[in-house]
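Here is the structure we will look at, set down as structure tokens.
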Amino acid sequence: MIGIIFNPKTNKGTSVDRMKHILTVLDEKGVEYIYRESEYAGHSIVLAKELAEQCDILVPSGGDGTVFEVVNGALDADVTFFPLPMGSGNDVCRSLDLQGRTDEELVDILLARKECDYDYWLLNNKYAMLILLSFGIVTDITYRFSIKKDTVKTGYYSTLLKAILTSKPKRYIVKTDSGEREYFADFVSLQNLNISGGGMNICPDALKDDSVLDLVVVNHKNPLRKFLNMLALNSGKLPSQPNVVTERITFAEITPLSGNEMYCLDGELASTEKAVIRMGKKKLRFIQH
Ligand SMILES: [Mg+2]
């Protein structure tokens, strides 16, 4: 059985008609499914837990936040995930070559059921992460975009620019497979995917199924360097910048020396005094194109 969990508020409510159409395509093909809509933040975790008892395929339908909730709700269940790209960024869908597909194509891909492995990483033994865990600039950008009024008023690029301009470097102790180091950084990120933030190419080498995480540290130099780094990010060349350190790791401990600091986990914002990240105890299964 297929269990579909739709967040009607995703992408400012603009995906409601698309969801209806996909259900119509499924009906026309005689596909059976259970359909649920989330009603509040965190509700998809509860719905995923329930549906995992009767379904072998779970379909998070929303943005990366919905994928995050559904995966976290059904982490220990024996299910395959097939996310529908209904949000604004859809990084997990991009990693499965699902972004930009028509509704009919998506249904065909679901029914073809070509499965792939997908690593997940556990933060502080609590949350499963699929995309990234980051401190610094990306967190500031995500925070600004989460204040909806600000985004509407100022537009995408000025919001981005404002976040970059006002983001302050901080000190972190980072412990990994190779030892412990202190950084004064604009950005510290652990990448399971090469992309984040709706397709920004942060670390081209990062793969979703290679059992390692890619650490990217952007050491702080000066405002000009910060802009050059942003340009490099656009062309997928951030890791080769002179102030950028990368490492492939299997575990990490990030301690912000400023104390409790905001982080971004797959687009969700929270704060912590220490982030400990380890590989999940199994590989997840996803359907890809
Ligand atoms: Mg990887």
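The values are calculated or read from the model by the stated rules, or taken from the named source; none is laboratory data. As the structure is a prediction and not an experimental result, all values here were calculated from the model. Backbone-built Cβ (ideal geometry, glycine too); neighbour counts: all protein chains shown. With ligands, DNA and RNA removed, areas are computed over all heavy atoms of the protein, side chains included. Shrake-Rupley method; radii C 1.70, N 1.55, O 1.52, S 1.80 Å.
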statement: Expected output for the stretch 198-222 (first residue of a type in the set (Lys, Arg), partner open to solvent by 40 Å² or more (accessible area, probe 1.4 Å) and more than 9 Å from the ligand (Cβ to nearest atom), Cβ below 7 Å, 6+ apart or cross-chain) is none
task: Run Met262 past the list (1) away from the ligand (no atom under 16 Å from the Cβ); (2) under 24 Å from Cys93 (Cα atoms); (3) touching a residue at least 40 places away in the same chain (Cβ under 8 Å) and report the number of the one that doesn't hold.
output: (2)
- request: Return the only residue of Val244, Val212 being within 16 Å of the ligand (Cβ to nearest atom), of a type in the set (A, V, I, L, M, F, W, C) and either surrounded by 14 or more Cβ atoms within 10 Å (Cβ to Cβ) or outside the structural domain of Arg94 (by TED's automatic domain parsing) (or both).
  value: Val212
- prompt: Which condition does Val174 not pass, out of (1) of a type in the set (Val, Ile, Thr); (2) away from the ligand (no atom under 16 Å from the Cβ); (3) modelled with pLDDT under 90, if it passes all the others?
  reply: (3)
task: Determine if the stretch 107-116 includes at least one residue that is over 30 Å from Arg225 (Cα atoms), part of a strand (DSSP E or B), open to solvent by 60 Å² or more (accessible area, probe 1.4 Å) and out of contact with any helix residue (DSSP H, G or I) (no Cβ under 6 Å at 6 or more places or on another chain).
output: yes
task: Kindly indicate whether any position in the stretch 271-282 is farther than 12 Å from Leu123 by Cβ and crowded, with 19+ Cβ neighbours inside 10 Å.
output: no
task: Among the numbered conditions (1) without any contact (Cβ under 8 Å) to a residue 12 or more places away in the chain; (2) out of contact with any strand residue (DSSP E or B) (no Cβ under 9 Å at 6 or more places or on another chain); (3) among the aliphatic types (A, V, I, L, M), tell me where Ala270 comes up short.
output: (2)
